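Accompanying notes for the structure given below.
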C-alpha cells in the first residue's frame with residue numbers, strides 16, 4: 001500500500017505503510033501530517049488512520065484549534081480549476097463545477113482572498129451580461145416604472161409632515177424625471193456594480209460566520225472553530241454564483257411576472273448558496289440555510305437599525 005504524505009503546503013512524498021509507521025515513531029512524520037491512498041475520497045491526518053493507532057499516535061485532535069487546522073488546511077492538489085490555472089477557460093470550468101459539484105471542488109480548495117476575488121469578478125461579469133442586455137432592451141419600460149414610482153412617492157409625501165416628507169418629495173421629484181438610459185450609461189453602471197458587489201457579498205459572508213459561530217456556541221459541533229476568512233470568502237463566492245440567477249430574469253420585461261419569478265428564485269439561490277458554503281466548510285447545507293436565516297436577522301439589526309438611527313439623528317439635528 002502506497003501512502004501519499006503532505007505537510008501543507010509541502011508534499012513529503014509517497015511511502016509504504018511500514019515507512020510511515022516507522023516515521024511516526026521516529027518523529028519524521030507528525031500526527032497532523034495529511035495522508036491519502038488510492039480509494040480514499042479525501043486526505044486525512046495520520047492521527048485518524050486505524051493502521052497507525054497502535055503506535056501511540058493520538059486518535060483525535062487535542063484542541064478545537066488543531067481540529068480546525070486539520071479540516072481546513074488544504075492538503076494535496078486543489079480540485080478547483082481556477083486554482084490550477086488562471087485563464088478564462090478555467091474560470092468557466094470553475095463556474096460550472098461550482099454549480100454542479102461544489103463539495104468535490106471546494107473541499108480541498110485554498111480559497112485565498114485575492115485569487116477567489118478574481119474568480120468572483122468573472123462570475124459577476126457573466127451575470128452582468130444579462131443585466132446589460134435587459135437594461136438596454138427594456139430601457140423605456142424601466143424609466144416609466146421609475147417615473148411612476150416617483151409619482152407614488154410624491155402623493156404619499158403630501159401626507160407626511162416635517163423633514164421626512166421633504167426627503168420623500170426630493171426623492172419623488174428625482175424619480176419622476178427618470179429618462180431611458182443609453183447603452184453606455186447602462187454599461188458603466190453595471191461595471192460599477194460588478195466591482196462593488198463582491199465586497200458587499202464578502203460582508204454578508206462575515207455575518208454568515210457570526211451566525212455559524214453562534215450556532216457553535218449553542219452546541220452545534222460542526223460550527224465550532226470555523227475560520228473567519230474561509231467562511232467569508234465562501235459566502236462571497238456562493239452569493240455571487242446565486243446572483244447570476246437574478247441577473248437572468250432581467251431579460252424578461254418588467255412587470256408582475258418578473259417580480260413573482262424573482263421571489264421564486266430565492267429557493268434555487270438558497271440551495272446553491274448553501275451547497276457552496278457547506279462544501280467549502282465541510283458542513284451540512286441545511287445548517288448553512290439555518291444560519292443564513294439567522295444572518296438575515298443580523299443584517300437587518302446591524303444595517304437596518306443602524307441606518308434608522310442615523311436617519312433619526314439627522315432629522316433631529
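Within the set 200, 212, the sole residue that is buried (at least 22 other Cβ atoms within 10 Å of the Cβ), in the same structural domain as residue 114 (by TED's automatic domain parsing), touching a helix residue (DSSP H, G or I) at 6+ places or on another chain (Cβ under 9 Å) and closer than 30 Å to residue 248 by Cβ turns out to be 212.
Annotation note: of 143, 91, 125, the sole residue that is part of a helix (DSSP H, G or I), touching a residue at least 60 places away in the same chain (Cβ under 8 Å) and under 30 Å from residue 251 (Cβ atoms) is 125.
In the stretch 103-115, the count of residues that are modelled with pLDDT under 75, out of contact with any strand residue (DSSP E or B) (no Cβ under 7 Å at 6 or more places or on another chain) and surrounded by 12 or more Cβ atoms within 10 Å (Cβ to Cβ) is zero.
Residues that are farther than 13 Å from residue 174 by Cβ and in a helix (DSSP H, G or I) within the stretch 150-164 comprise 152, 155, 156, 162, 163, 164, listed in sequence order. For residue 263, the stated conditions hold: it is assigned by TED's automatic domain parsing to the domain that holds residue 128, modelled with pLDDT of 90 or more and either loosely packed, with under 14 Cβ neighbours inside 10 Å or part of a loop (DSSP other than H, G, I, E, B) (or both). Any residue in the stretch 286-297 that is exposed (fewer than 15 other Cβ atoms within 10 Å of the Cβ), more than 30 Å from residue 135 (Cα to Cα) and at pLDDT 90 or above? Yes, that holds for at least one residue.
Checked against the criteria, residue 77 does not count as out of contact with any strand residue (DSSP E or B) (no Cβ under 8 Å at 6 or more places or on another chain) and either over 30 Å from residue 12 (Cβ atoms) or at pLDDT 90 or above (or both).
Quick one: in the stretch 147-187, of everything that is surrounded by fewer than 16 Cβ atoms within 10 Å (Cβ to Cβ) and closer than 21 Å to residue 246 by Cα, which residue is farthest from the chain's Cα centre (by Cα)? Only one residue tops the list, namely 183.
The values are calculated or read from the model by the stated rules, or taken from the named source; none is laboratory data. The shown structure was predicted, so the numbers you read here are calculated from the model rather than taken from an experiment. For neighbour counting, all protein chains shown are included, and Cβ atoms are generated from backbone atoms with ideal geometry for every residue, glycine included.
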